[in-house]
Amino acid sequence: MKRFWLIAGILTIFCIAACSAAGMVTENPEYAVIMKSKDNQYNEEVAEAFRQAAEEAGYRCEVLYPETARAQDQVILVRRMMRERVKAIAIAVSDEHALAPVLKEAMAKGIVITTLDSDTEKDSRSIFVSPADPKETGAGLVQAVRDCMDGEGQWAILSAQARSANQSQWIHAMMEELEKPEYQKMRLVDIVYGEDDYKTSAARTRELIEKYPALRAICAPTTVGIQAAADVVREQGLEGQIRVTGLGIPAKSEDGTVSDDTGVCPALNFWNPAALGRLSAQVSMALVNQELTVREGEVFRTEDGGEYLIHKGAGGGLEVTAGDPLTPDESGSGL
Ligand code: RAM
């Protein structure tokens, strides 16, 4: 019998360790937020702001990160939360189409489904909470690339997952911006995918550098990709030759100012991750409490004074936008 309890104890400890690797387990959660990938500071900041907003309102909330960036791992987490009978799931979708069936199933069971950061098919969720306008974000990225390489030469995009809606939208918006005559001398030579995984992103960067010796800039619209690309450029001593830009969390020095003394990444774009997480929780709670009707032209008003217009997004589904894309200045203000 003693042996049984010993084994049971070891198994429990093992299970707690394994579960907390995927996020923190909450007993009887009412709300769940499922992010795209683990070991990603951006995802953690978004998800923690979501959890905090839900808990401040008196609800239990579980944060979940998939084991890998594969869609199947997010499907597993959605099913787990369906079994827990949560009231609402908010999910940053890694594969626009692969997640749609399970999310529809959850909706049919009465669970409120919303997306944040990256969307799914429009009838597989109630509303999408977008971090910032994708057109403005895409245009800002191309302008940053132009500034990095003085408007001339070869550049490449290092993206995250090929089937993730936010990446596709930003790349599409970048292509549109690129058609303007002012970018005529810039040549986009390749688009590669690092899966929001540091090692894969670093490997893709090394391949780009080898394949295109004249490469002058890499644009990574992913916080993991931009970090990996900048590290590889520094590691290969290519500062000054190749510049990196994209969507990233600015590294802050001890005094809180944003700095890159190596000059590898002279500019990046971003938005406030906590504002995205918080708004997403407010939307989920308002839907569960039947205080929000998702209708085009309606304004969603939050208790802290925010006003968000419900409008149609690129895929035809309804969405709200959390804020504006930012170009953090040296003080890192706004982030
Ligand atoms: C990565 C993820 C996320 C994206 C940010 C900018 O962490 O790909 O979806 O929005 O970067």
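Observations
- Based on DSSP H segments of at least four residues, each scored -39500 (n - 2.57), the chain has a per-residue ellipticity at 222 nm of -12500 deg cm²/dmol.
- Candidates 182, 319, 96: whichever shows maximal mean-square fluctuation once the chain is modelled as a Gaussian network with Cα springs under 10 Å: 182
- Remark: the residue 207-residue 72 segment gains 45.8 nm on full extension, using 0.36 nm per residue and subtracting the alpha carbon distance.
- 13 Å beta-carbon shell around residue 187, net charge (K/R +1, D/E -1): +1
- Averaging 1/r across all pairs of distinct Cα atoms in the chain and inverting the result yields a Kirkwood radius of 20.8 Å.
- For 125, 163, 234, the sequence from fewest to most other C-beta atoms within 10 Å is 234, 163, 125.
- Among 154-160, 301-307, the order from most to least packed when residues are scored by Cβ within 10 Å on average: 154-160, 301-307
- Over all other residues within a Cβ to Cβ distance under 14 Å of residue 282, the charged ones net out to -3, with Lys and Arg as +1 and Asp and Glu as -1.
- Cut-off 14 Å between beta-carbons: net charge of the residues surrounding residue 177, Lys and Arg +1, Asp and Glu -1: -3
- Counted residue by residue at 0.36 nm each, then reduced by the alpha carbon distance between them, the extension gain from residue 179 to residue 293 reaches 37.2 nm.
- Semi-axes of the equivalent ellipsoid for the range 16-127, Cα gyration tensor, largest first, Å: 19, 16, 13
- Shown for the chain: lysine pairs separated by 8 or more places, or found on different chains, whose C-alpha atoms are under 18 Å apart, numbering 9.
- Beta bridges assigned by DSSP with both partners in the chain are antiparallel in approximately 15 percent of cases.
Coordinate-derived values only; no laboratory data. Given the structure is predicted, the values throughout are model-derived calculations rather than measurements. Positions of Cβ are generated from backbone atoms using ideal geometry, with glycine treated the same way; all protein chains shown enter the neighbour counts.
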